[in-house]
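Since every read-out is calculated from the coordinates, none of them should be taken as a lab result. Given the structure is predicted, the values throughout are model-derived calculations rather than measurements. In this analysis, Cβ positions are derived from the backbone assuming ideal geometry, glycine residues included, and neighbour counts consider all displayed protein chains.
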Amino acid sequence: MRTPTICFLRQNNTIFLRIFMVLFLSGITANINLGSNLPSTATSATDLDVQSWLNSLSLDGHFSFHDLHRVSKDFGNQHQSVPSAILQPKSVSDIAATLKHVFQMGPSSKLKVAARGHGHSLRGQSHAPGGVVVDMKSLQGPEMRIHIGKVPYVDVSGGELWINILHESLKYGLAPKSWTDYLHLTVGGTLSNAGISGQAFRHGPQISNVHQLEIVTGKGDVVTCSEKQNADLFHAVLGGLGQFGIITRARIALEPAPKMVKWIRALYSDFSIFTKDQELLVSAEKTFDYIEGFVIINRTGLLNNWRSSFNPQDPLQASQFRSDGRTLFCLELTKNFNPDETNTVNQEVKSLLSRLSYIPSTLFMSEVPYLEFLDRVHVSEMKLRSKGLWEVPHPWLNLLIPRTGIHDFAKEVFGNILTDSSNGPILIYPLNKSKWDNRTSVVTPGEDVFYLVAFLSSALPSSSRPDSLEHLLDQNKRILDFCTTAGIGMKQYLPHYTTQEEWRAHFGPQWEAFAQRKSMYDPFAILAPGQRIFQREYPYAMLT
């Protein structure tokens, strides 16, 4: 890798350069502050004209300075932060040149850079207040390459959407192994977190299905990395929350794709039986291809949404099933197949279902194309957009709960804290830790089996309780407070913290390695400031 030594924008400022040389030789040029909060606002590069400075770069793409509002919000719709510029790169070299330029300004610069994919962060994680937002979607295009062979894979841009990868790979009868429930997200965005859905119990998260990455570090270096080449950076970036580099390309593992999916749902009234069946399925060698579940809290009695994806001719007794004010739990399963395998798959499904203890009258089954199942959430998105209910605040809370704590968690949260009808899905399903690579930056509970519990609420416009943003945020706080006081051993997925102390507690024993990687790959803490993990500091002498 190429590492710049000393290069400043104002070469004629010899006094400033001498001060820097003294500090550089004494080994105190800069440090990452491991004990401070990131301020809510940031200034532009130290008293420089940011626009003129950025325009001095020779790029294939360009900077935009006049439509900054379009990247000032994200899907969470709770925070607004305006950058100084948007980089619309046409090549990886555009991103590298920008980051190298910022890095060469030295530690006194406060200009920071954030990569933004489809803007689906929840708490401003893709923001760069007063800095530069890199529009990763600008790198989408014809450079997607499918490799067909003994080990098939696809090479894609970090700004490519997973739905586009699915469409292209299906042309070759292939598809990625692991998914998120929503496919209109970028590769770089999900790989910077983990990428979880109902296939993760078998294949692991998306970060467990990556062969190779191309990264632009916080120094502006372009680095190709894998398990065998620059392995430390490879593992750091996977689940690294954007702290070590921007993912510009990825090599994703593929497998033969089925044509059809048998889609199944069934209800449980007993949480212990529900989790017992889920754990049975995720531990079995021969099982379903997708296993999720969700919670139905409906005090009114009549259930409306749990079977909305299925045909209206489903059994009348099930469509009229009433909760009678009970909290119910829905098991959701799929089995992949091709048309010539129908009889065999039907027998396999029948055998697997015979081992489960769901409420018999609530079993629903449907057969849909593989693509239709994977892109199922997009249908709901279109409906919500048509009603003006998509771009509302989303105070989502995603937790990883260890198996030994899931029953205490459910009793308190589903029984006491969530007393109203849910205004969004509550997902709950087990994952196998053996499918997660502990060399990556992701933090998970220490047990062999842990649960994802996701509260996917939407705060409705002009709403009072229980759908107001204030009420939902308070509800989230009560859930988190309970986990702390009860010693549940929970870890946040898509974590959000505001203090360094909280981040240290989140990473636990992994914190020192995380901080060391930061100092190696982004020593001036330029990248992903919206995560609020690190803050740049520099000696007082450099300010005088």
* segment 214-227 - phi-based ³J(HN,Hα) in whole Hz, Karplus 6.51/-1.76/1.60, Gly and Pro as x -> 10, 10, 9, 6, x, 8, x, 7, 9, 10, 8, 9, 7, 5
* **Virtual spin-label span in nm between T485 and Q78, 7 Å along Cα→Cβ** => 2.1
* So what are the radius of gyration and Dmax for the Cα set of segment 75-144, in Å? -> 12.9, 39
* Asked: Past the 31 Å Cα-Cα mark, which pairs from K171/K518; K73/K219; K112/K491?
  -> K171/K518
* **segment 383-426, Rg to Rh (Cα coordinates; Rh as Kirkwood inverse mean 1/r)** => 1.11
* Whichever aspartates and glutamates have a C-alpha closer than 18 Å to that of K150, once near sequence neighbours (fewer than 8 apart) are set aside -> E255
* Structure fact -> Projecting the Cα atoms of H407, V345, F373 onto the charge dipole of segment 260-493, where Lys and Arg contribute +1 and Asp and Glu -1 at Cβ, the residue farthest towards the positive end is H407
* From the phi of every residue in segment 439-446, what ³J(HN,Hα) in whole Hz does the Karplus formula 6.51 cos²θ - 1.76 cosθ + 1.60 yield, where θ is phi - 60° and glycine or proline is x? -> 7, 6, 7, 5, 10, 10, x, x
* Asked: Roughly speaking, what is the centre-to-centre gap between segment 335-357 and segment 280-294 when only Cα atoms are used, to the nearest Å?
  -> 13
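By how many nm would the segment from S269 to M382 grow when fully extended, if each residue of separation counts as 0.36 nm and the alpha-carbon distance is taken off?
Details: separation 113, 0.36 × 113 = 40.68 nm, distance 3.18 nm.
That pair, S269 and M382, stretches by 37.5 nm at full extension.
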* To do: List the pair-distance distribution P(r) of segment 260-493, using every Cα-Cα distance, as the percent of pairs falling in each 10 Å bin from 0 up to the bin containing the longest distance, rounded to whole percents.
  => 7, 29, 37, 23, 5, 0
* To do: With only alpha-carbon atoms counted, please give the Rg and Dmax of segment 139-256, in Å.
  => 13.2, 40
